[in-house]
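In what follows, a single structure is set out as structure tokens and then discussed.
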Amino acid sequence: MQNSLPTQTYQSQLNEKTQRLQTMMAPFNAPEAEVFSSPEQHYRMRAEFRIWHEEDSLYHIMFDQETKQRIRVDQFPVASQLINKMMVALLAEIKDKPTLRKKLFQIDYLSTLSNKIIVSLLYHKKIDEIWRQEAMALRQSLIAQGFDVQLIGRAYKTKIMLDNDFIDEVLPVAGKEMIYRQVENSFTQPNAQVNIKMLEWALKATENAKGDLLELYCGNGNFSLALARNFDRVLATEIAKPSVYAAQYNIAMNHIDNVKIIRMSAEDFTQAMNGVREFKRLEGIDLKDYQCETIFVDPPRSGLDEKTVELVKTYPSILYISCNPETLCQNLETLIKTHKISKLALFDQFPYTHHMECGVLLERR
């Protein structure tokens, strides 16, 4: 089955999202939104598929969310062209290899614009040294076909890496090539082309910024490293260990010397800033030494909790990226009392869905 996208309706869907966002932001006197479109196909850098076994063949499947019907997927135009090529090559290689095929129930793909890909094979069985040997031969065969691939096996309480569990992405951001390490099973921006537009919008929004930047939820440093050029210093927090390690690597690889990453939750950092309690992780860091005029937040879908909103509103400038405009609006009900929205943007990270990613720049009244 060839799965296709309704590319002829893309622009009308984007127009509908723009209107919906503008309506949601009207109570806050937001300016007209800058709109950043997505490629109409092959825009998603990650994809996960269940695997269906049928006699001598096996294939990728997805489930219809409403009917729960099984849909065979031979090509997936939502995903990058690299993922699509790998889907075909991989199944052709493993279909007649019992060790690699037996009880394989899911395959996860993570690709990059720099033409690297991680493939994770998930099993309902134990995987061992025999599996590793077979997987190494598989990887060599895929490399011979021109793929720059990392292979990972996962089973209950088991993870086998043949080499690395990461790949390095290279993004052109406002005239600079930025290196970003992406770790398997950790968060990365799914739509790389729109991510570049987000980074460039954030850079432009803060081009006249003064002082230092504080960032909460920094992930692998996606925004903090790009924004570093606009600030004296950047202090960023992240709780997930793999993301912190990736961020530290990215700081070194991009030769950035004004970014400091702290492994703390936004909630703990808020307590530290408010002097509620002391944290060992902050030893050697004098928070009072930073002159943060701008705070950047890119929270999960639930938005900012009340205490973090109280912290955020103490900063003259607030740059807020949201993957859920509904929780953004809830936060704005408080923030709008002290700040006004000077910039609004819509980033179409998720074409053909109702999901919207947006950005606002708030400045103190």
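The values are calculated or read from the model by the stated rules, or taken from the named source; none is laboratory data. As the structure is a computational prediction, the values presented were derived from the model and not from experiment. Cβ sites come from the backbone with ideal geometry, for glycine too, and all protein chains shown count toward neighbours. Accessible surface is based on the protein model in full, side chains and every heavy atom, while ligands, DNA and RNA are left aside. Shrake-Rupley method; radii C 1.70, N 1.55, O 1.52, S 1.80 Å.
Scanning segment 244-278 for residues that are among the small types (Gly, Ala, Ser) and open to solvent by 10 Å² or more (accessible area, probe 1.4 Å) turns up Ala252, Ser265, Ala272, Gly275.
Show me the strands (runs of 3 or more DSSP E) entirely contained within segment 82-182 in which 3 or more residues are touching a strand residue (DSSP E or B) at 6+ places or on another chain (Cβ under 6 Å). Because the criterion is at least 3 residues that are touching a strand residue (DSSP E or B) at 6+ places or on another chain (Cβ under 6 Å), the strands (runs of 3 or more DSSP E) in segment 82-182 that meet it are 104-111, 116-123, 148-155, 166-173. Taking each residue of segment 156-177 that is under 19 Å from Thr188 (Cβ atoms) and looking for partners that are loosely packed, with under 12 Cβ neighbours inside 10 Å with beta-carbon atoms closer than 8 Å, six or more apart or interchain, yields Val170/Glu177; Leu171/Glu177. Screening the candidates Ser322, Ser302, Ser317 for the property of being open to solvent by 30 Å² or more (accessible area, probe 1.4 Å) and among the small types (Gly, Ala, Ser) yields one hit, Ser302.
Report the residue count in segment 138-161 for those that are open to solvent by 40 Å² or more (accessible area, probe 1.4 Å), over 24 Å from the mean Cα position of the chain (by Cα), of a type outside the set (Phe, Trp, Tyr) and closer than 20 Å to Ile51 by Cβ.
1
Just one of (1) more than 30 Å from Glu34 (Cα to Cα); (2) in contact with a Leu (Cβ under 8 Å, 6 or more places away or on another chain); (3) aromatic (Phe, Trp, Tyr) fails for Tyr245. It is (2). Are any of the residues in segment 281-294 under 23 Å from Leu199 (Cα atoms) and either among the β-branched types (Val, Ile, Thr) or touching a Cys at 6+ places or on another chain (Cβ under 7 Å) (or both)? Yes, segment 281-294 has at least one match. Here is a check on your reading of the model: is Lys176 open to solvent by 70 Å² or more (accessible area, probe 1.4 Å), farther than 22 Å from Ser38 by Cβ and under 21 Å from the mean Cα position of the chain (by Cα)? Answer is yes for this residue. Of the listed requirements (1) in contact with a Pro (Cβ under 9 Å, 6 or more places away or on another chain); (2) under 30 Å from Pro6 (Cβ atoms); (3) open to solvent by less than 10 Å² (accessible area, probe 1.4 Å), His339 misses just one: (2). Among the residues of segment 10-47, just one is among the β-branched types (Val, Ile, Thr) and without any contact (Cβ under 8 Å) to a residue 60 or more places away in the chain, namely Thr23. Of the residues making up segment 204-229, those that are buried (at least 20 other Cβ atoms within 10 Å of the Cβ) and among the hydrophobic types (A, V, I, L, M, F, W, C) are Ala205, Leu213, Leu214, Leu216, Cys218, Phe223, Leu225, Ala226, Leu227, Ala228.
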